[in-house]
1. Using the number of other C-beta atoms within 10 angstrom as an exposure proxy, rank A:His170, A:His135 with the fewest first.
2. Say R0 is 60 Å: what FRET efficiency, to the nearest 0.05, do B:Asp89 and A:Lys490 get from their beta-carbon distance?
3. If the only charges are +1 at each Lys and Arg Cβ and -1 at each Asp and Glu Cβ, what is the size of the charge dipole of the stretch A:399-514 around the Cα centre, to the nearest 20 debye?
4. Please list, in chain and number order, the residues 5+ apart from A:His126 or on another chain whose amide H is under 5 Å from its amide H, with Hs placed from the backbone.
5. Expressed as an acute angle from 0 to 90° and rounded to the nearest 10, what is the orientation of the C-alpha long axis of helix A:257-266 relative to the principal long axis of chain A?
6. Rounding to the nearest 10 and keeping the result within 0 to 90°, find how far the Cα-based axis of helix A:435-448 lies from the longest principal axis of chain A.
7. Between exposed chymotrypsin sites (Phe, Trp or Tyr not before Pro) in chain A, where DSSP calls loop and at most 16 other Cβ atoms lie within 10 Å, what's the longest gap?
8. Placing unit charges on C-beta atoms (Lys and Arg positive, Asp and Glu negative, everything else neutral), compute the dipole magnitude of the stretch B:1-88 about its Cα centre in debye, rounded to 20.
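Every read-out reported here was derived from the displayed coordinates using simple, explicitly stated rules and does not represent laboratory data. This structure is a prediction, so every number in the text was calculated from the model and none was measured. Positions of Cβ are generated from backbone atoms using ideal geometry, with glycine treated the same way; all protein chains shown enter the neighbour counts.
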Amino acid sequence: MNINDILSGLNAELKKESLEKDQIVSKVNTLVKTYNEVIEKLKKPAKTGSDNIDDLKQEVKQSEKKYKKKVIDLNTIFEIAKELSSSLHIDDLMKTIILTSMGHMLVETGVVFVLDEKLNKYIFRHAKGIKEDLHDIEFKAEDELMKFLSNRSKPLPLQEILSESFGSSHKGQLARINCELLVPIRIKNKFNGILFLGAKAGNVPYSESNLEFLTTLGNFASIAIENARLYEDIDKKVKDLSTLYDISKEINKSVEMDIAVNLMIETITTGFGASKGSIILFDELKDHYRIEKNFNITEPEAGKYLDLMKEGKLNNPLNNPEGDVLYSDSILTNGDIYFSVPLIAGNKKVGLLNIYRFAEGITVDEDIKKIFSIIASQMAPPIVLTQYLSKRNIYRENPFDYIYNILNNIIEKSKETGTGFVVSKIKFHAPDMTFIKMKELINKIKGILQESDILIHSNFDELMIVFPASLKDEVTGILDNFIPSLTNIKIGYMVGSYPEDGDSIEALLNKVYIGAGESSK
Amino acid sequence: MPDLKVESLPMTDVPDGIIIQPQGFIDTTTAPEIEKFIESALSQKKYKIAVDLKDVDFISSAGWGVFVSEIRDIRENNGDLTLVNMVPDVYDVYELMEFSSILKSFDSIEDAINYYKAI
């Protein structure tokens, strides 16, 4: 054994001793602490049995309260799930979500924004507790805030948002919304909206249980939005087809080119969002396309022949024998697009329906192309027919024949029963009259008619009604009561009665058509 | 048809007051019905609203939400919305969910009217 071995042995002994000393000191300290605690306890008066029972009662009360609150939470979740799965209207759903959150957590304000998939923006849908109009506020899907929220499933307090780099840029908007808590409305990867809640009454912070409740609510709301979107999509398609069916029936009935073209423009502008364009017809004699009518554009003016379709210029419908919709989103001028739908009947070129702009929110997609292909297929045949009739000046059925036949029948019945009847011609005028408005008006007029009354003739701006077994005063009374209920429309009417005003159809028609009738408003 | 009937009555001696009397359940389906009555009262500038709940057996969170959501506007116009004659089950929830911290309640219409006369 050398001196080094002896020294390292001594070192090890010393370390061991020092460790043991530390352990002893630590043990002593623990003993002192325990002793002090015991002394403190001994100083306090001892709890009696009744104190312990009171404590227990308090604990039971708290647990019961907690339990009851949880039951209310679950009941509310159950009720809202039931409600959300039974409604398909986003606005109603959002209103329910807001009211439930506000009522469940005593929050005085709630605002909801929902993703508009076409605009790719979160737009204002509903607010409670805030009087200010919030429609001008919107959040683009690509905003940092929205990207941030899209990755969160749990509600976030306002402070957390404001502490982010993008927070300050939304501070003003969030203040107007009175936001204290942002609840993402999302399920899986689909971020469908945001519920902004204000502070709880008395500025009590949101509890963990509140946040859990809101997370579940956000998930339910997201599923409900998805369902409602699917429903709205189907509903819109059904409505589109129904409008298309109604108007194509009218277009097919019309033998006047002007009426047919106006109906077409009305169809595509009011029903399908075209906001700017032209109906261009093919002139067989000149073998060229000519602008028949423009809407919301002035140049090139109607009547002008076009060389636009020359080969190589934009998309060339002449090289499009299949009649597909040609679309180019290359900007023409001022943001206009080129959306051209060939009008083809059989294998005959009829013309083009050119649209240069759609209303905001309409995206040119496969659906809109299909809809416009259907519109074009409905428009082309009546155009060919009207062109054919006007070129060959073919005899058309006298429109009065129909009226004559009906009036003849009524006169015969009147003679059989010994009762008279009243005929009224109603003419209406509104500066912005459209086919849809005209149909609404006719429906309103139908609403004041008896089952036995007959609407025998209706034009774009006039109609004729026969009131069997009625007196002239009764009819004028009905019409005079009805007319003041209409707004933004001028109505004039004439009445003639059989047999007082004439015992022949000609005499009656003379009264109501030429203006010799009794009343005119 | 919703399981809720609502009527409104003028409040004696309180010209800008109104008593709303719902009857039935106030849940997510029927809450809009009572909301309409409150909104109508507000549009007539009647900001002192007593909701008589003697015939209401249940109020869901959406129903409470209707009352809470209007309270800010009402109080900004020197009015108040109070709940009167709550049945024990409804009162239990009112207490449990701490609605008492935001909505006043009274045991009788007379008490509510006296309160409105004083404010």
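1. The fewest-first ordering by Cβ neighbours comes to A:His135, A:His170.
2. It comes out at approximately 0.50.
3. 360 debye
4. It is A:Val112, by chain and number.
5. With both axes taken from Cα atoms, the answer is about 10 degrees.
6. Result, in degrees: 80.
7. In chain A, the maximal stretch lacking such sites is A:167-394.
8. Computed about the Cα centre, the dipole is about 180 debye.
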